[in-house]
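All of the numbers you see were taken from the coordinates with simple rules; none came from a lab. Computed from a prediction, not measured in an experiment: that's the story for all the values here. Heads up, the Cβs are rebuilt from the backbone with ideal geometry, glycines too, and the neighbour counts pull from every protein chain shown.
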Amino acid sequence: LAAGVADEVNNPLGIINNYLELLKLKNLDDDGLVKLEKIQKEIRRITEIVGSLLSFSRLPRKDKSEVNLVELLEEVLLLLGHRFDRKRIKLKKDFQINPAWITGDENRLKQVFINLLMNSLEAVLDEGVIAVEISKSGEFYQVKVSDNGHGIPGDLEESVFQPFFTTKLTKTNTGLGLSICDHIIKAHRGKLSYESIPGEWTSFGVRLPWASRPVGP
């Protein structure tokens, strides 16, 4: 159903965008071109929102595999390394357990941690601090992603994991990232939570049930 709705929205948007490109070929003045660019920018934003909604509707695949959380996080941190370098962010890692096996959809879990780390990278100032920790409590692994950024106001506590919630100023943000993360973690029988002191720090916690041993002979 979601894929069908996405097509119904994206197809006319594509047609509108094509006509806008044709209009650009006309002898428009600078003001007209600026207005066309603004329209196309909003079309791209709608397309991103539709894509996020489509992602939100998809549950992790049933053919899950055993995933080592430590290796997964190392891959994500390597992928985002250039962003840490660009802002001269100090990264603190505390992986108390290795390996940390869970059963899940590796790509969807990567999506969660990329999103959480990107939020931290956008929240902290240059030369800020981001910490990533893994620990074990009972039958669960706990991953924490913390930063010393601007924090989340207390009056927004009930809205953090709701679709379209965002504290970011940019209009390009769809506000679906955390709700999608929450959706994915719940599908893995886990829990996504957060703590924050406005103006000081924020910490997101991902709790996932551990697997006793990896799949293999």
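Label separation (residue 22 vs residue 88): 5.3 nm, computed from points 7 Å beyond Cα along the C-beta direction. Going from the fewest other Cβ atoms within 10 Å to the most, the residues 82, 150, 183 appear in the order 82, 150, 183. Estimated at 0.36 nm per residue, the fully extended path between residue 158 and residue 78 surpasses their Cα-Cα distance by 25.5 nm. Dipole size of the range 65-209 about its Cα centre, with +1 on Lys/Arg Cβ and -1 on Asp/Glu Cβ: approximately 200 debye, rounded to the nearest 20.
Cut-off is 10 Å between beta-carbons; in what order do 19, 194 appear when sorted fewest neighbours first?
With the sparsest Cβ surroundings first, the list reads 19, 194.
The fewest-to-most ranking of 88, 108 by surrounding Cβ atoms within 10 Å reads 88, 108.
Using θ = phi - 60° in the Karplus curve 6.51 cos²θ - 1.76 cosθ + 1.60, the 3J(HN,Hα) couplings for the range 28-43 round to 8, 7, 4, 5, x, 5, 4, 5, 5, 4, 5, 5, 5, 4, 5, 5 Hz; x is entered for Gly and Pro. Check the straight Cα-Cα distances from residue 26 and name the lysines below 22 Å, setting aside those fewer than 8 residues away within the same chain. Within the straight-line limit of under 22 Å, residue 26 reaches these lysines: 35, 38, 41.
Among the listed pairs 64/90; 93/191; 87/186, a Cα-Cα separation exceeding 30 Å is found for 64/90; 87/186.
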